[in-house]
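So the structure is just underneath, and the comments pick up after that.
The values are calculated or read from the model by the stated rules, or taken from the named source; none is laboratory data. Only a predicted model underlies this, so the values are computations on that prediction, with no experimental measurement involved. Please note: Cβ atoms are built from the backbone with ideal geometry, for glycine as well, and neighbour counts cover all protein chains shown. Surface accessibility is based on the protein's heavy atoms, side chains included, excluding ligands, DNA and RNA. Shrake-Rupley method; radii C 1.70, N 1.55, O 1.52, S 1.80 Å.
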Amino acid sequence: MKTHLKILILEDSPDDVDLIERQLRKGGITFTPVVVKRKIDFENALKEFSPDVIISDHSLPHFNSIEALQLYKEYQQASRVLIPFILVTGTVSDEFAVQCIKAGAHDYILKDRLTRLCSSIHNALEKCKIKSEAIINQTIMKEAEHLANFGSWQVDMVSGKHTWSNEMCNIYGYDRPRETEMSFEKFFSHVHPDDIASLNAGFEHALGNLDSYAVDFRIIDKKGNVKHISSKQQINRNPDGHPVRLVGFNLDISERKKAEDTLKEAYQERVNILETIGDAFFTVDKAWTVTYWNNVAEIHLDMPREKILGKNLWDVFPDALPLASYTQYHKAMNENVAVHFEEYYPERKLWFEVEAYPAFSGLFIYFRNITRQKKYISEIENQNIRLKEIAWIQSHEVRAPLARMMGLVNVINNYRDEKMDLSDLLNTLAVNASELDELIKRIVRKTEGIRATDEEIQNIIE
């Protein structure tokens, strides 16, 4: 309680004012008084003086305590400040006293019993403090409910009374709690038809067996909107175990569900893209745990995704530790750089072209099977070797017998009119022709090998 109080005294009798002030000082209350007797002065004092306590007589000229109480209540609503209003008057009936208390007075004291005034002020100040704290807490709760989009509720299982907070009503499409009488029937009338059976079964099970219960379900609010609700409740029981009170809250998670659905759609779209690309693709986190593994990776490495997702990459492929991929992946991870390399994987007898890109979560890794391309390149290199051999045969071996044959032909032409034995020359010519024929056959055989290789290369390309 404040050590110094500002007390507004509504009284038209100076003698009574003096009695009140003397009793306050006698009771040890330090205070600053403002005394008024007219309505306009009372209104101004409420706004300008901001009293801590109001002491009012009942009957004044053209003004009374009932009117003062009304002004006092308006002031409290506007300022959100609770202050004690104590009626000090002459003899009044019990009915009038009850009327004053109902109107908002904290206490009434007869003027011939002022000794009770100080204790009445102390008690009223304490009650106002407690009530103010409760109001603040309720305000904070209402604001929290509104910001978090959740509403609280409770059910007295004995009386059957249902109490819903304002935000609980808002979630269900009602403007305020008193707009409709709440009940289990009203609650279940809003549950989505597809969720009623499971929700009712779970609720009955919780009432019979549990102390708390949590469930997600859908509702259709008063305006026809479908909402997703997450509900939690506490079940209070009597000594016999029977439920006597339910307390809980309902959280509107519609926006969260919408965001989750959007994320799921985006994720599925990404998965569809990654599953349809021709490259194998997988991801690992910074601990080398495999977080994604597409269908092409399954085929190339003969590893179903259910056997590798959530596993350490190197635990699943220990035979890769000596390979370049182990070094290159670590380089990408540790140095935060992209890497691109080719590698032969002995376990599968396949060549792969690999690209690894660092990401916030770990690595994105693409790889494609280039075994056929490698075979194609190898065949082209072998073909080039055979072509070089043919060129060498043509430039060296073919020219020798051909040159000898051409020389013999010249000899024969020079001695055509002379009678001479040409058998030796013809035999030599035949020998060189035979040698040339063998060389041509060798060239043909090598050419046929090249043609066969072309067919193989075409198959590789296709």
Among the residues of segment 40-57, count how many are touching a helix residue (DSSP H, G or I) at 6+ places or on another chain (Cβ under 9 Å), farther than 9 Å from LEU10 by Cα and surrounded by 14 or more Cβ atoms within 10 Å (Cβ to Cβ).
-> 5
Segment 1-27: number of residues that are open to solvent by 40 Å² or more (accessible area, probe 1.4 Å) and not in a loop (DSSP other than H, G, I, E, B) | 9
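Search segment 148-185 for residues being of a type in the set (D, E, K, R) and modelled with pLDDT of 85 or more, and hand back the single one that is surrounded by the fewest Cβ atoms within 10 Å (Cβ to Cβ).
Residues of segment 148-185 of a type in the set (D, E, K, R): 156, 161, 167, 175-176, 178-179, 181, 185.
Next, from what is left, pick out any that are modelled with pLDDT of 85 or more: 156, 161, 185.
On the way: ASP156: 12, LYS161: 12, GLU185: 8.
Applying the filter and picking the extreme gives GLU185.
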Within segment 57-99, can you find the residues that are among the hydrophobic types (A, V, I, L, M, F, W, C), part of a helix (DSSP H, G or I) and touching a residue at least 40 places away in the same chain (Cβ under 8 Å)?
-> ALA68
Condition check for VAL34: touching a Leu at 6+ places or on another chain (Cβ under 8 Å), surrounded by fewer than 20 Cβ atoms within 10 Å (Cβ to Cβ) and modelled with pLDDT of 90 or more | yes
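Can you tell me which residue in segment 273-284 is nearest to GLN328 (Cα to Cα), limited to those that are of a type outside the set (Val, Ile, Thr) and surrounded by fewer than 14 Cβ atoms within 10 Å (Cβ to Cβ)? Even if it seems obvious, please write down each step before you answer.
Within segment 273-284, the subset of a type outside the set (Val, Ile, Thr) is 274-275, 278-282.
Now drop any that are not surrounded by fewer than 14 Cβ atoms within 10 Å (Cβ to Cβ), which leaves 275, 278.
On the way: GLU275: 25, GLY278: 22 Å.
Restricting to residues being of a type outside the set (Val, Ile, Thr) and surrounded by fewer than 14 Cβ atoms within 10 Å (Cβ to Cβ), the top hit is GLY278.
May I ask you to list the residues in segment 189-221 that are of a type in the set (Phe, Trp, Tyr) and either in a strand (DSSP E or B) or open to solvent by 40 Å² or more (accessible area, probe 1.4 Å) (or both)? Let's see the steps before the verdict.
Our first condition is that a residue be of a type in the set (Phe, Trp, Tyr); within segment 189-221, this holds for 203, 213, 217.
Selection gives TYR213, PHE217.
Before we move on, is PHE249 within 30 Å of VAL158 (Cβ to Cβ), in contact with a strand residue (DSSP E or B) (Cβ under 8 Å, 6 or more places away or on another chain), hydrophobic (A, V, I, L, M, F, W, C) and open to solvent by 70 Å² or more (accessible area, probe 1.4 Å)? Even if it seems obvious, please write down each step before you answer.
Numbers: within 30 Å of VAL158 (Cβ to Cβ): yes; in contact with a strand residue (DSSP E or B) (Cβ under 8 Å, 6 or more places away or on another chain): yes; hydrophobic (A, V, I, L, M, F, W, C): yes; open to solvent by 70 Å² or more (accessible area, probe 1.4 Å): yes.
Here the answer is yes, as PHE249 does meet what is asked.
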GLU74 meets each of (1) surrounded by 14 or more Cβ atoms within 10 Å (Cβ to Cβ); (2) under 51 Å from the mean Cα position of the chain (by Cα) with one exception, condition (1)
